[in-house]
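Colleague: After the structure tokens below, expect a handful of questions from me.
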Amino acid sequence: MAAEAEVMDELRRLRARVPQLTGALAASVDGLVLVQDTPGVEPETVAALTATALSVAVRMADATGQGDFRELLVRGVYGYVATYAAGRTAVLTLLAQDRVNVGRLHLEGRRAGLRIGELVDAEAETEAEQPPARARPAIAPPPTTAPAPTTTPTPTPPPMPTRTRTPRAPRTPTTTPNARTTTDS
């Protein structure tokens, strides 16, 4: 992966901008580690758990009509685990101390996720356009008598209805007598 060095540079810059980060990992949506900077944490385990949590988060956002997945935040006793969408095929997972400024974590995590997504997606497009470096010899498939199975496209669900707001009735001014009373002394 040619973009690996650039993604690693982005993770290092991110850790410099948010000093409370204890780890950063870019992984595929399938749970494979792309690039990691997670001292003291097993990156393969974090990537696999990220893919599992991502699957649940995507389904939750879809089922509740909230749209495409953007981010997931888990708060533990000792800190945070934040996962951000990074393009079409990757996610960024950040580990942070409990004293991190969560707003700053989100701001920088979203920016880094966008940048990493651009790098990973560009790399995937480049690989898709180029023929393999060493082609395998063609092997003829065995003759078959049965027709090839056809795949039926899955129907796309109808779009979620948009929310409409009912207008509020205007407030009517209330005339209450002055609650203050004066006493003569």
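Colleague: Exactly one condition in (1) open to solvent by 20 Å² or more (accessible area, probe 1.4 Å); (2) assigned to a strand (DSSP E or B) is false for LEU94; which is it?
Modeller: Unmet condition: (1).
Colleague: Counting only residues that are modelled with pLDDT under 95 and not in a strand (DSSP E or B), which one in region 67-91 is surrounded by the most Cβ atoms within 10 Å (Cβ to Cβ)?
Modeller: So the residue we want is GLY87.
Colleague: Taking the criterion of being under 25 Å from ASP62 (Cβ atoms) and in contact (Cβ under 8 Å) with a residue 60 or more places away in the chain, would at least one residue in region 75-87 satisfy it? Lay out the reasoning, then the answer.
Modeller: Of region 75-87, the ones under 25 Å from ASP62 (Cβ atoms) are 75, 80-87.
Still in the list and also in contact (Cβ under 8 Å) with a residue 60 or more places away in the chain: 86.
Yes, that holds for at least one residue.
Colleague: Here's another thing I want to ask about it. Might you check whether a residue that is out of contact with any Phe, Trp or Tyr (no Cβ under 7 Å at 6 or more places or on another chain), open to solvent by less than 50 Å² (accessible area, probe 1.4 Å) and not in a loop (DSSP other than H, G, I, E, B) occurs anywhere in region 13-20?
Modeller: yes
Colleague: Out of everything in region 36-65 that is hydroxyl-bearing (Ser, Thr, Tyr) and open to solvent by less than 20 Å² (accessible area, probe 1.4 Å), what residue ends up being modelled with the lowest pLDDT?
Modeller: Initially, region 36-65 is screened for residues hydroxyl-bearing (Ser, Thr, Tyr), giving 38, 45, 50, 52, 55, 64.
Restricting the remaining residues to those that are open to solvent by less than 20 Å² (accessible area, probe 1.4 Å) gives 38, 50.
Values: THR38: 92, THR50: 95.
The residue in question is THR38.
The values are calculated or read from the model by the stated rules, or taken from the named source; none is laboratory data. Note that the structure is a prediction, hence the values are computed from the model and not measured. Backbone-built Cβ (ideal geometry, glycine too); neighbour counts: all protein chains shown. Ligands, DNA and RNA are excluded from the accessible area calculation, which covers all protein heavy atoms including side chains. Shrake-Rupley method; radii C 1.70, N 1.55, O 1.52, S 1.80 Å.
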